[in-house]
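The values are calculated or read from the model by the stated rules, or taken from the named source; none is laboratory data. None of these values were measured; they are calculated from a predicted model. Here the Cβ is made from the backbone with ideal geometry for all residues, glycine too, and neighbour counts use every protein chain on show. Side chains included, ligands, DNA and RNA excluded: accessible areas come from the protein's heavy atoms. Shrake-Rupley method; radii C 1.70, N 1.55, O 1.52, S 1.80 Å.
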Amino acid sequence: FVSEKDDQKIATFKLDRQTGDLERVSEIKIDGEPGGLTTSPDQTHLYASIRSEGQLASFNIDPQTGSLTWINTVDAAADPAHVATDRTGRWLLSAYYVAGKAAIHRLHPDGSIDSTGRWYTTDEKAHAVGIDEQNRWVFVPHTKPNAIFQFELDDRKGSLAPNQVTKVETKPNTGPRHFDFHYSGKFAYCNNEQGSSVTRFSFDSQTGRLKELETLSTLPSSFSEPNSCARMEIAPNGKVLYSANRGHHSIAAFALDPRDGSMKRIGIYPTEKTPRSFSVDPHGNFLVAAGQDSDTLVIYRVQQDGSLDAIKRVPVGKTPWWVHFCDTDEKS
(Lines give C-alpha, C1' and ligand atoms only; values in the text may rest on other atoms or scores of the structure.)
Protein backbone atom coordinates (compact mmCIF):
# COMPACT_ATOMS: atom_id res chain seq x y z
CA PHE A 1 0.00 0.00 0.00
CA VAL A 2 1.22 3.52 -0.84
CA SER A 3 -0.11 6.78 0.63
CA GLU A 4 -0.34 9.29 -2.22
CA LYS A 5 -0.56 12.50 -0.22
CA ASP A 6 -1.36 15.14 -2.83
CA ASP A 7 -3.71 12.87 -4.79
CA GLN A 8 -5.47 12.03 -1.50
CA LYS A 9 -5.44 8.32 -2.32
CA ILE A 10 -4.15 5.04 -0.94
CA ALA A 11 -3.02 2.79 -3.80
CA THR A 12 -2.72 -0.98 -3.73
CA PHE A 13 0.15 -2.63 -5.61
CA LYS A 14 0.73 -6.35 -6.09
CA LEU A 15 4.30 -7.64 -5.83
CA ASP A 16 5.55 -10.49 -8.00
CA ARG A 17 7.68 -12.42 -5.52
CA GLN A 18 9.90 -13.83 -8.26
CA THR A 19 10.65 -10.81 -10.43
CA GLY A 20 9.96 -7.85 -8.11
CA ASP A 21 7.44 -6.39 -10.56
CA LEU A 22 4.81 -4.12 -9.00
CA GLU A 23 1.33 -3.93 -10.51
CA ARG A 24 -1.08 -1.20 -9.47
CA VAL A 25 -4.34 -3.07 -8.89
CA SER A 26 -6.62 -0.54 -7.18
CA GLU A 27 -6.88 2.76 -5.32
CA ILE A 28 -9.24 4.39 -2.85
CA LYS A 29 -9.97 8.10 -2.52
CA ILE A 30 -9.43 9.66 0.92
CA ASP A 31 -11.02 12.82 2.34
CA GLY A 32 -7.67 14.32 3.26
CA GLU A 33 -3.96 13.56 2.98
CA PRO A 34 -3.03 10.00 4.02
CA GLY A 35 0.21 9.52 5.91
CA GLY A 36 1.32 6.61 8.07
CA LEU A 37 -0.12 3.15 7.40
CA THR A 38 -0.21 -0.08 9.38
CA THR A 39 -2.08 -3.38 9.25
CA SER A 40 -3.71 -5.52 11.90
CA PRO A 41 -1.66 -8.55 13.06
CA ASP A 42 -3.98 -10.88 11.11
CA GLN A 43 -3.51 -8.74 7.97
CA THR A 44 -7.23 -8.20 7.45
CA HIS A 45 -7.46 -4.45 8.12
CA LEU A 46 -5.46 -1.36 7.19
CA TYR A 47 -5.24 1.71 9.42
CA ALA A 48 -4.19 5.13 8.16
CA SER A 49 -3.41 8.51 9.63
CA ILE A 50 -5.10 11.38 7.78
CA ARG A 51 -2.57 14.02 8.68
CA SER A 52 -4.22 17.06 7.09
CA GLU A 53 -7.53 16.43 8.88
CA GLY A 54 -6.28 15.13 12.23
CA GLN A 55 -8.11 11.83 11.76
CA LEU A 56 -7.59 8.06 11.83
CA ALA A 57 -9.24 5.76 9.28
CA SER A 58 -9.77 2.02 8.98
CA PHE A 59 -10.24 -0.17 5.90
CA ASN A 60 -11.03 -3.78 5.14
CA ILE A 61 -8.45 -5.59 2.98
CA ASP A 62 -9.73 -7.97 0.31
CA PRO A 63 -7.52 -11.07 0.78
CA GLN A 64 -7.57 -11.92 -2.92
CA THR A 65 -7.00 -8.52 -4.53
CA GLY A 66 -5.67 -6.31 -1.73
CA SER A 67 -8.37 -3.74 -2.55
CA LEU A 68 -9.54 -1.53 0.29
CA THR A 69 -13.05 -0.86 1.53
CA TRP A 70 -13.55 2.03 3.94
CA ILE A 71 -14.89 1.09 7.39
CA ASN A 72 -14.82 4.27 9.46
CA THR A 73 -12.96 7.48 10.27
CA VAL A 74 -12.60 9.06 13.71
CA ASP A 75 -11.46 12.50 14.79
CA ALA A 76 -8.09 12.50 16.54
CA ALA A 77 -5.59 15.34 17.10
CA ALA A 78 -3.48 17.58 14.89
CA ASP A 79 -1.17 15.83 12.44
CA PRO A 80 -1.02 12.14 13.37
CA ALA A 81 2.45 11.17 12.14
CA HIS A 82 2.44 7.45 12.91
CA VAL A 83 0.08 4.57 13.71
CA ALA A 84 0.76 1.07 15.05
CA THR A 85 -1.35 -1.75 16.43
CA ASP A 86 -0.41 -3.50 19.64
CA ARG A 87 0.54 -7.21 19.49
CA THR A 88 -3.01 -8.35 20.27
CA GLY A 89 -4.59 -6.29 17.50
CA ARG A 90 -7.12 -4.83 19.94
CA TRP A 91 -5.56 -1.36 20.19
CA LEU A 92 -4.35 1.30 17.79
CA LEU A 93 -1.59 3.58 19.06
CA SER A 94 -0.74 6.90 17.42
CA ALA A 95 1.75 9.78 17.73
CA TYR A 96 0.91 13.44 16.95
CA TYR A 97 3.54 15.70 15.43
CA VAL A 98 1.75 19.04 15.90
CA ALA A 99 -0.46 18.26 18.90
CA GLY A 100 2.45 16.78 20.88
CA LYS A 101 0.48 13.78 22.11
CA ALA A 102 0.24 10.01 22.06
CA ALA A 103 -3.07 8.15 22.01
CA ILE A 104 -4.58 4.69 22.14
CA HIS A 105 -7.92 3.69 20.57
CA ARG A 106 -9.86 0.45 20.85
CA LEU A 107 -10.18 -1.60 17.66
CA HIS A 108 -13.45 -3.48 17.27
CA PRO A 109 -13.70 -7.00 15.77
CA ASP A 110 -15.06 -5.57 12.51
CA GLY A 111 -11.91 -3.45 12.15
CA SER A 112 -13.53 -0.15 13.07
CA ILE A 113 -11.77 2.34 15.34
CA ASP A 114 -13.57 3.41 18.50
CA SER A 115 -14.18 7.15 18.52
CA THR A 116 -13.08 7.50 22.15
CA GLY A 117 -9.36 7.36 22.76
CA ARG A 118 -7.10 7.75 25.76
CA TRP A 119 -4.80 10.75 25.35
CA TYR A 120 -1.33 11.51 26.76
CA THR A 121 0.37 14.89 26.43
CA THR A 122 4.08 14.50 25.70
CA ASP A 123 5.97 17.21 23.77
CA GLU A 124 6.40 18.75 20.34
CA LYS A 125 6.86 16.59 17.25
CA ALA A 126 5.94 13.13 18.50
CA HIS A 127 6.89 11.06 15.48
CA ALA A 128 6.41 7.31 15.99
CA VAL A 129 5.33 4.48 18.26
CA GLY A 130 7.42 1.41 19.10
CA ILE A 131 6.05 -1.59 21.04
CA ASP A 132 8.17 -4.40 22.47
CA GLU A 133 7.50 -8.11 21.82
CA GLN A 134 6.02 -8.57 25.31
CA ASN A 135 3.35 -6.01 24.42
CA ARG A 136 4.25 -4.29 27.68
CA TRP A 137 6.45 -1.30 26.86
CA VAL A 138 5.75 1.57 24.45
CA PHE A 139 8.24 4.17 23.20
CA VAL A 140 7.43 7.44 21.45
CA PRO A 141 10.36 9.28 19.79
CA HIS A 142 10.13 13.08 19.49
CA THR A 143 12.26 14.92 16.96
CA LYS A 144 12.05 18.39 18.56
CA PRO A 145 12.93 17.86 22.25
CA ASN A 146 15.50 15.11 21.45
CA ALA A 147 13.70 12.60 23.63
CA ILE A 148 12.08 9.17 23.58
CA PHE A 149 9.11 8.96 25.95
CA GLN A 150 8.70 5.66 27.82
CA PHE A 151 5.33 4.12 28.74
CA GLU A 152 3.93 0.90 30.15
CA LEU A 153 0.97 -0.56 28.24
CA ASP A 154 -1.99 -2.22 29.91
CA ASP A 155 -3.42 -4.22 27.01
CA ARG A 156 -6.51 -5.24 28.99
CA LYS A 157 -7.67 -1.68 29.66
CA GLY A 158 -6.05 -0.06 26.65
CA SER A 159 -4.11 2.50 28.66
CA LEU A 160 -0.58 3.85 28.93
CA ALA A 161 1.23 4.79 32.12
CA PRO A 162 4.43 6.87 32.09
CA ASN A 163 7.42 4.78 33.07
CA GLN A 164 9.20 5.63 36.33
CA VAL A 165 11.79 7.27 34.10
CA THR A 166 9.43 9.10 31.76
CA LYS A 167 11.85 9.73 28.90
CA VAL A 168 15.34 9.15 27.57
CA GLU A 169 17.02 12.33 26.39
CA THR A 170 19.31 12.02 23.39
CA LYS A 171 22.15 14.33 22.39
CA PRO A 172 21.31 17.85 21.11
CA ASN A 173 20.23 18.10 17.46
CA THR A 174 19.72 14.38 17.05
CA GLY A 175 15.92 14.27 16.66
CA PRO A 176 14.93 10.64 17.35
CA ARG A 177 12.30 9.67 14.74
CA HIS A 178 11.54 5.95 14.24
CA PHE A 179 12.02 3.04 16.63
CA ASP A 180 12.33 -0.75 16.51
CA PHE A 181 13.69 -3.73 18.47
CA HIS A 182 16.43 -6.31 17.99
CA TYR A 183 14.95 -9.81 17.71
CA SER A 184 16.80 -10.87 20.88
CA GLY A 185 14.63 -8.45 22.86
CA LYS A 186 17.73 -7.00 24.53
CA PHE A 187 18.40 -4.04 22.24
CA ALA A 188 16.46 -1.28 20.50
CA TYR A 189 17.23 1.17 17.71
CA CYS A 190 16.16 4.67 16.79
CA ASN A 191 17.20 6.72 13.80
CA ASN A 192 17.84 10.42 14.24
CA GLU A 193 16.25 12.92 11.87
CA GLN A 194 18.58 15.88 12.41
CA GLY A 195 21.56 13.77 13.44
CA SER A 196 21.55 11.67 10.23
CA SER A 197 22.41 8.64 12.32
CA VAL A 198 21.13 5.49 14.01
CA THR A 199 21.45 4.82 17.74
CA ARG A 200 21.51 1.44 19.50
CA PHE A 201 20.16 1.16 23.04
CA SER A 202 20.22 -1.60 25.58
CA PHE A 203 16.65 -2.51 26.59
CA ASP A 204 15.71 -3.80 30.03
CA SER A 205 12.52 -5.82 29.53
CA GLN A 206 11.81 -5.83 33.26
CA THR A 207 11.90 -2.05 33.78
CA GLY A 208 11.17 -0.93 30.22
CA ARG A 209 14.16 1.43 30.19
CA LEU A 210 16.64 2.30 27.48
CA LYS A 211 20.35 3.09 27.72
CA GLU A 212 22.29 4.51 24.79
CA LEU A 213 25.19 2.33 23.59
CA GLU A 214 26.38 3.54 20.17
CA THR A 215 25.50 5.87 17.31
CA LEU A 216 26.57 5.47 13.67
CA SER A 217 26.17 7.89 10.77
CA THR A 218 23.84 7.09 7.87
CA LEU A 219 25.96 9.26 5.53
CA PRO A 220 29.30 8.88 3.77
CA SER A 221 32.07 10.90 5.42
CA SER A 222 32.50 12.97 2.25
CA PHE A 223 28.93 14.31 2.27
CA SER A 224 28.45 17.76 3.85
CA GLU A 225 25.14 19.00 2.39
CA PRO A 226 21.88 19.24 4.40
CA ASN A 227 20.25 15.92 5.19
CA SER A 228 17.60 14.43 7.46
CA CYS A 229 16.69 10.82 8.20
CA ALA A 230 13.16 9.61 7.50
CA ARG A 231 11.86 6.02 7.70
CA MET A 232 13.75 3.30 9.58
CA GLU A 233 12.92 -0.41 9.39
CA ILE A 234 14.49 -3.72 10.40
CA ALA A 235 14.31 -6.56 7.86
CA PRO A 236 11.99 -9.49 8.71
CA ASN A 237 14.98 -11.75 9.48
CA GLY A 238 16.15 -9.24 12.11
CA LYS A 239 19.65 -9.12 10.67
CA VAL A 240 19.68 -5.78 8.83
CA LEU A 241 18.48 -2.26 9.69
CA TYR A 242 17.69 0.28 6.97
CA SER A 243 17.37 4.06 7.33
CA ALA A 244 16.44 6.60 4.65
CA ASN A 245 18.37 9.82 3.96
CA ARG A 246 16.54 12.88 2.61
CA GLY A 247 19.15 15.18 1.12
CA HIS A 248 21.70 12.52 0.24
CA HIS A 249 18.70 10.64 -1.28
CA SER A 250 19.76 7.18 -0.22
CA ILE A 251 19.12 4.25 2.09
CA ALA A 252 21.81 3.21 4.56
CA ALA A 253 22.00 -0.46 5.55
CA PHE A 254 23.50 -1.81 8.78
CA ALA A 255 24.16 -5.43 9.74
CA LEU A 256 23.00 -6.23 13.29
CA ASP A 257 25.13 -8.57 15.39
CA PRO A 258 22.99 -11.48 16.66
CA ARG A 259 24.72 -11.49 20.07
CA ASP A 260 25.18 -7.91 21.19
CA GLY A 261 23.07 -6.04 18.61
CA SER A 262 26.00 -3.92 17.49
CA MET A 263 25.76 -2.28 14.07
CA LYS A 264 28.11 -2.45 11.09
CA ARG A 265 27.34 -0.40 8.01
CA ILE A 266 26.94 -2.54 4.90
CA GLY A 267 26.50 0.24 2.39
CA ILE A 268 24.55 3.34 1.29
CA TYR A 269 22.33 2.95 -1.77
CA PRO A 270 20.97 5.73 -4.06
CA THR A 271 17.21 6.30 -4.22
CA GLU A 272 14.81 8.62 -5.96
CA LYS A 273 14.65 12.17 -4.60
CA THR A 274 13.52 12.46 -0.95
CA PRO A 275 12.89 8.88 0.20
CA ARG A 276 10.42 9.66 3.00
CA SER A 277 9.26 6.05 3.27
CA PHE A 278 10.18 2.51 2.27
CA SER A 279 9.36 -1.01 3.36
CA VAL A 280 10.81 -4.53 3.11
CA ASP A 281 8.44 -7.25 1.93
CA PRO A 282 7.48 -9.84 4.59
CA HIS A 283 9.68 -12.50 2.98
CA GLY A 284 12.70 -10.21 3.00
CA ASN A 285 13.45 -10.43 -0.72
CA PHE A 286 12.55 -6.93 -1.92
CA LEU A 287 12.61 -3.38 -0.58
CA VAL A 288 10.35 -0.70 -2.08
CA ALA A 289 11.27 2.96 -1.54
CA ALA A 290 9.16 5.99 -2.47
CA GLY A 291 10.65 9.17 -3.88
CA GLN A 292 8.47 11.88 -2.34
CA ASP A 293 9.69 14.51 -4.81
CA SER A 294 9.90 12.31 -7.90
CA ASP A 295 6.58 10.41 -7.63
CA THR A 296 8.45 7.18 -8.29
CA LEU A 297 8.88 3.87 -6.47
CA VAL A 298 12.23 2.08 -6.61
CA ILE A 299 12.28 -1.70 -6.17
CA TYR A 300 15.46 -3.24 -4.81
CA ARG A 301 16.34 -6.90 -4.64
CA VAL A 302 17.70 -7.61 -1.16
CA GLN A 303 20.91 -9.62 -1.35
CA GLN A 304 21.86 -12.29 1.17
CA ASP A 305 24.07 -9.88 3.12
CA GLY A 306 21.33 -7.20 3.18
CA SER A 307 22.82 -5.05 0.44
CA LEU A 308 20.42 -3.56 -2.11
CA ASP A 309 20.34 -3.91 -5.88
CA ALA A 310 17.97 -1.49 -7.65
CA ILE A 311 16.10 -3.43 -10.32
CA LYS A 312 13.00 -1.42 -11.31
CA ARG A 313 11.36 2.00 -11.12
CA VAL A 314 7.59 2.42 -11.13
CA PRO A 315 5.59 5.69 -11.38
CA VAL A 316 3.19 6.42 -8.52
CA GLY A 317 0.75 9.18 -7.56
CA LYS A 318 1.71 12.62 -6.33
CA THR A 319 3.89 12.88 -3.22
CA PRO A 320 4.10 9.32 -1.90
CA TRP A 321 4.38 9.57 1.89
CA TRP A 322 4.24 5.97 3.10
CA VAL A 323 4.92 2.45 1.87
CA HIS A 324 3.55 -0.55 3.76
CA PHE A 325 3.58 -4.26 2.91
CA CYS A 326 0.74 -6.62 3.79
CA ASP A 327 0.98 -10.37 3.15
CA THR A 328 -2.57 -11.72 2.99
CA ASP A 329 -1.17 -15.26 2.71
CA GLU A 330 -0.03 -14.88 6.30
CA LYS A 331 -3.40 -13.89 7.74
CA SER A 332 -4.77 -16.07 10.52
For region 174-187, state whether one or more residues are over 28 Å from Thr85 (Cα atoms) and surrounded by fewer than 16 Cβ atoms within 10 Å (Cβ to Cβ).
-> no
In region 137-161, which residues are surrounded by fewer than 18 Cβ atoms within 10 Å (Cβ to Cβ), in contact with an Asp or Glu (Cβ under 8 Å, 6 or more places away or on another chain) and in a strand (DSSP E or B)?
-> Ala161
Lone unmet requirement of (1) under 26 Å from Thr215 (Cα atoms); (2) under 19 Å from the mean Cα position of the chain (by Cα); (3) assigned to a strand (DSSP E or B) for Ile299 = (1)
Residues of region 303-324 being outside any strand (DSSP E or B), open to solvent by 40 Å² or more (accessible area, probe 1.4 Å) and more than 13 Å from Ser3 (Cβ to Cβ), in sequence order, are Gln303, Gln304, Asp305
Within the group Gly306, Gly291, which residue is within 24 Å of His127 (Cα to Cα) and among the small types (Gly, Ala, Ser)?
-> Gly291
Could you tell me whether any residue of region 232-251 is touching a Gly at 6+ places or on another chain (Cβ under 6 Å), open to solvent by less than 30 Å² (accessible area, probe 1.4 Å), part of a strand (DSSP E or B) and in contact (Cβ under 8 Å) with a residue 24 or more places away in the chain?
-> yes
From Pro226, Pro220, which residue is at pLDDT 95 or above, touching a strand residue (DSSP E or B) at 6+ places or on another chain (Cβ under 7 Å), more than 20 Å from Glu169 (Cα to Cα) and of a type outside the set (A, V, I, L, M)?
-> Pro220
A careful count of residues in region 121-136 that are in contact (Cβ under 8 Å) with a residue 24 or more places away in the chain, open to solvent by 10 Å² or more (accessible area, probe 1.4 Å) and assigned to a strand (DSSP E or B) gives 1
Quick one: in region 239-272, of everything that is among the charged types (D, E, K, R) and touching a Phe, Trp or Tyr at 6+ places or on another chain (Cβ under 8 Å), which residue is farthest from Ile311 (Cα to Cα)?
-> Asp260
Among the residues of region 273-332, the number that are in contact with a Phe, Trp or Tyr (Cβ under 6 Å, 6 or more places away or on another chain), closer than 24 Å to Pro80 by Cα and of a type in the set (Gly, Ala, Ser) is 3
Matching residues in region 213-222 (surrounded by 15 or more Cβ atoms within 10 Å (Cβ to Cβ) and outside any loop (DSSP other than H, G, I, E, B)) number 4
Just wondering, is there one or more residues in region 53-63 that are open to solvent by 30 Å² or more (accessible area, probe 1.4 Å), on the phi < 0 side of the Ramachandran plot and either touching a helix residue (DSSP H, G or I) at 6+ places or on another chain (Cβ under 6 Å) or modelled with pLDDT under 95 (or both)?
-> yes
For Asp75: the one exception among (1) on the phi > 0 side of the Ramachandran plot; (2) among the charged types (D, E, K, R); (3) in contact (Cβ under 8 Å) with a residue 40 or more places away in the chain = (1)
In region 9-39, which residue that is of a type in the set (S, T, N, Q) and surrounded by fewer than 20 Cβ atoms within 10 Å (Cβ to Cβ) is nearest to Thr73 (Cα to Cα)?
-> Ser26
Looking only at region 12-50, count how many residues are within 14 Å of Ile71 (Cβ to Cβ) and assigned to a strand (DSSP E or B).
-> 7
For region 262-278 the number of residues that are open to solvent by 40 Å² or more (accessible area, probe 1.4 Å) and assigned to a strand (DSSP E or B) is 5
